[in-house]
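Enquirer: Questions regarding the structure given below will be posed in turn.
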Amino acid sequence: TAPVIGFIGLGQMGLPMATNLYTKSRATSPSAPFLVYDVVPQAVTAFTSAHKTSSGGAVQSVDSIAALARQADVIVTMLPTSAHVKQVYMTDLLPNVRPGTLLIDSSTIDPAVSKLVANALIKDAKCEAVDAPVSGGFLGAQAGTLTFMVGGDRKAFERARPLLQHMGKNIVHCGEQVGTGQVAKICNNMILGSTMVAVSEAMNLGVKLGMDPKLLAGIVNSSSGRCWSSDTYNPVPGVMEGVPSARGYEGGFGITLMQKDMGLALAAAESVKAPVPMAAAADNVFKNAMTVDELKKKDMSVVYQWLAGTFTK
Ligand code: NAD
């Protein structure tokens with residue numbers, strides 16, 4: 001019989017991911033219950049109201065994580081930070097899950113916390129667990145084209161894979177240890193944070209020295225300074241269309257989440273004494289930009305405006 005799936009955390013990423021998981025798993029198992037939970041009731045309603053009429057009642061909102069855990073065969077979590085994941089796993093899931101349940105955490109968190117919570121569930125509740133953070137952002141979540149970086153033993157990975165394929169395109173096994181998915185994710189995002197600051201300061205320097213930003217970006221993008229932050233997500237308004245800098249830095253990848261990931265990378269680097277001087281400098285720039293309330297709600301590429309001195313404390 002088809003597994004009963006439970007999904008916890010219906011935010012910016014979780015809502016479109018749950019939508020794809022539900023819609024695609026329903027194609028092969030139309031009557032299997034699909035359980036959803038979020039601490040914000042409106043987030044749950046956004047999902048249930050979209051699917052109740054077409055589903056024939058397979059979608060169920062539950063009033064607690066405990067209730068979800070008692071029924072689900074597979075549980076996916078998409079939560080903001082390590083603290084949220086720790087709370088949900090240790091307080092709500094651990095005492096209530098059934099043995100054999102597969103837990104998939106797609107949040108971006110500290111690899112050590114991934115390992116800790118997964119091992120507690122594996123040892124004390126006889127569950128299977130993987131970490132499976134994603135890249136691809138909101139658009140990838142909507143399109144079902146996310147990349148999943150998965151850590152955990154091969155058997156758990158193979159069990160998770162068909163479900164992850166409903167939400168993503170590339171499902172990569174990063175290692176036998178839970179937490180290796182997070183390692184891949186935070187290394188990538190550490191480069192992203194550093195290049196976004198590097199591109200922002202270079203563009204600002206060029207503009208201040210009298211260069212046209214679009215022309216400068218064009219030269220960089222056909223030269224050795226080219227990177228994702230310069231050619232796909234340029235932070236200077238007027239250089240590209242369809243990116244946050246073209247729409248007042250709304251939407252996209254929040255600067256607070258970017259800085260959270262820099263913090264995760266720095267802490268992980270400290271734990272193994274790996275030097276990361278570039279990332280540390282970039283982290284400081286994000287932190288300084290976040291002291292301005294108006295910038296705190298924006299996409300991370302707004303760091304360009306901070307460096308340009310558009311906003312001051
Ligand atoms: P979000 O804040 O939009 O969503 C998180 C959801 O979790 C919210 O709806 C919140 O109410 C819910 N929640 C919080 N505590 C809860 C609890 N105890 N029980 C149940 N629900 C709870 O965040 P997001 O943008 O969806 O990001 C989720 C994770 O994915 C983060 O770790 C983020 O770093 C990562 N990520 C985000 C993006 C992106 O572009 N937004 C891209 C890749 C990875």
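Enquirer: Please verify whether segment 161-169 includes one or more residues that are open to solvent by 50 Å² or more (accessible area, probe 1.4 Å), more than 13 Å from the chain's Cα centre (by Cα), farther than 21 Å from residue 101 by Cβ and without any contact (Cβ under 8 Å) to a residue 12 or more places away in the chain.
Expert: In the first step, residues of segment 161-169 are kept if they are open to solvent by 50 Å² or more (accessible area, probe 1.4 Å); the result is 161-162, 165, 169.
The next check asks that each one be more than 13 Å from the chain's Cα centre (by Cα); those that pass are 161-162, 165, 169.
Filter again for farther than 21 Å from residue 101 by Cβ, leaving 169.
Imposing the further condition that a residue be without any contact (Cβ under 8 Å) to a residue 12 or more places away in the chain reduces the set to none.
Within segment 161-169 (the criterion being open to solvent by 50 Å² or more (accessible area, probe 1.4 Å), more than 13 Å from the chain's Cα centre (by Cα), farther than 21 Å from residue 101 by Cβ and without any contact (Cβ under 8 Å) to a residue 12 or more places away in the chain), the answer is no, since none of the residues qualifies.
Enquirer: OK, next. Scan segment 144-158 and give yes if some residue there is closer than 16 Å to residue 13 by Cβ, assigned to a loop (DSSP other than H, G, I, E, B), within 16 Å of the ligand (Cβ to nearest atom) and open to solvent by 20 Å² or more (accessible area, probe 1.4 Å), otherwise no.
Expert: Yes, some residue in segment 144-158 is closer than 16 Å to residue 13 by Cβ, assigned to a loop (DSSP other than H, G, I, E, B), within 16 Å of the ligand (Cβ to nearest atom) and open to solvent by 20 Å² or more (accessible area, probe 1.4 Å).
Enquirer: Among the residues of segment 106-116 satisfying the criterion of being of a type outside the set (Lys, Arg) and open to solvent by 10 Å² or more (accessible area, probe 1.4 Å), which is nearest to the ligand (Cβ to nearest atom)? Quick ask: steps written out before the conclusion?
Expert: Step one: list which residues in segment 106-116 are of a type outside the set (Lys, Arg), which gives 106-114, 116.
Next, only the ones that are open to solvent by 10 Å² or more (accessible area, probe 1.4 Å) stay: 108, 110-113, 116.
On the way: 108: 4, 110: 11, 111: 13, 112: 15, 113: 11, 116: 16 Å.
Within segment 106-116, the match that is nearest to the ligand (Cβ to nearest atom) is 108.
Enquirer: Which residue is surrounded by the fewest Cβ atoms within 10 Å (Cβ to Cβ), if the candidates are limited to segment 8-35 and must be near the ligand (Cβ under 10 Å from one of its atoms) and hydrophobic (A, V, I, L, M, F, W, C)?
Expert: Narrowing segment 8-35 to residues near the ligand (Cβ under 10 Å from one of its atoms): 8-17.
Add one more test, that the residue is hydrophobic (A, V, I, L, M, F, W, C), and what stays is 8, 10, 13, 15, 17.
On the way: 8: 28, 10: 26, 13: 24, 15: 22, 17: 27.
By that ranking, first place goes to 15.
Enquirer: Something else: Determine whether segment 254-262 contains at least one residue that is of a type outside the set (S, T, N, Q) and on the phi > 0 side of the Ramachandran plot.
Expert: No, segment 254-262 contains no residue that is of a type outside the set (S, T, N, Q) and on the phi > 0 side of the Ramachandran plot.
Enquirer: Also, I was wondering about something else. Residues that are more than 14 Å from residue 295 (Cα to Cα) and more than 16 Å from the ligand (Cβ to nearest atom): does segment 255-264 have at least one? If you could, list the steps in order and put the result at the bottom.
Expert: From segment 255-264, those more than 14 Å from residue 295 (Cα to Cα) are 260-264; that's our starting set.
Add one more test, that the residue is more than 16 Å from the ligand (Cβ to nearest atom), and what stays is none.
Scanning segment 255-264 turns up no residue that is more than 14 Å from residue 295 (Cα to Cα) and more than 16 Å from the ligand (Cβ to nearest atom).
Enquirer: Mind listing just one residue for me: the one in segment 170-190 that is in contact with a helix residue (DSSP H, G or I) (Cβ under 6 Å, 6 or more places away or on another chain) and free of Cβ contacts under 8 Å to residues at least 60 places away in the same chain and, of those, least open to solvent (accessible area, probe 1.4 Å)? Quick ask: steps written out before the conclusion?
Expert: In the first step, residues of segment 170-190 are kept if they are in contact with a helix residue (DSSP H, G or I) (Cβ under 6 Å, 6 or more places away or on another chain); the result is 171, 173-174, 178-179, 182-183, 186, 189-190.
Still in the running and free of Cβ contacts under 8 Å to residues at least 60 places away in the same chain: 171, 173-174.
Working: 171: 27, 173: 47, 174: 49 Å².
The qualifying residue least open to solvent (accessible area, probe 1.4 Å) is 171.
Enquirer: A follow-up question, please. Of (1) buried (at least 16 other Cβ atoms within 10 Å of the Cβ); (2) at pLDDT 95 or above, residue 207 satisfies all except one. Which?
Expert: (1)
Enquirer: If I filter segment 84-94 for residues that are out of contact with any strand residue (DSSP E or B) (no Cβ under 6 Å at 6 or more places or on another chain), surrounded by fewer than 19 Cβ atoms within 10 Å (Cβ to Cβ), closer than 25 Å to residue 157 by Cα and of a type in the set (Ser, Thr, Tyr), do I get at least one hit?
Expert: yes
Enquirer: Output the residue which, of all residues in segment 230-254 that are assigned to a helix (DSSP H, G or I) and under 14 Å from residue 305 (Cα atoms), is nearest to the ligand (Cβ to nearest atom).
Expert: Applying the first criterion (assigned to a helix (DSSP H, G or I)) to segment 230-254 yields 230-231, 244-247.
Subsequent filtering for residues that are under 14 Å from residue 305 (Cα atoms) retains 244-247.
Working: 244: 11, 245: 16, 246: 17, 247: 15 Å.
My answer is 244.
Enquirer: On to the next question. What pairs come up if the first residue lies in segment 121-135 and is open to solvent by less than 10 Å² (accessible area, probe 1.4 Å), the second is within 16 Å of the ligand (Cβ to nearest atom) and among the acidic types (Asp, Glu), and their beta carbons are under 7 Å apart, counting only those six or more places apart or on different chains?
Expert: Pairs found: 131/105; 132/105.
Enquirer: Now for a separate question. What is the residue count in segment 238-286 for residues that are under 27 Å from residue 115 (Cα atoms), of a type in the set (Val, Ile, Thr) and open to solvent by 10 Å² or more (accessible area, probe 1.4 Å)?
Expert: 3
Enquirer: Only one of these conditions is not met by residue 65: (1) touching a residue at least 12 places away in the same chain (Cβ under 8 Å); (2) more than 10 Å from the ligand (Cβ to nearest atom). Which number is it?
Expert: For residue 65, the exception is condition (2).
Enquirer: What number of residues within segment 219-237 satisfy the criterion of being open to solvent by 30 Å² or more (accessible area, probe 1.4 Å) and among the polar types (S, T, N, Q)?
Expert: Going through segment 219-237 one residue at a time, the tally reaches 5.
Enquirer: Exactly one condition in (1) in a loop (DSSP other than H, G, I, E, B); (2) touching a helix residue (DSSP H, G or I) at 6+ places or on another chain (Cβ under 7 Å) is not met by residue 216; state its number.
Expert: Here residue 216 clears every test but (1).
The values are calculated or read from the model by the stated rules, or taken from the named source; none is laboratory data. Keep in mind that what you see is a predicted model, and the values were worked out from it rather than measured. Using ideal geometry, Cβ is built from the backbone for each residue, glycine included, and neighbour counts are taken over all protein chains shown. Heads up: the accessible areas ignore ligands, DNA and RNA and are worked out on the full protein's heavy atoms, side chains in. Shrake-Rupley method; radii C 1.70, N 1.55, O 1.52, S 1.80 Å.
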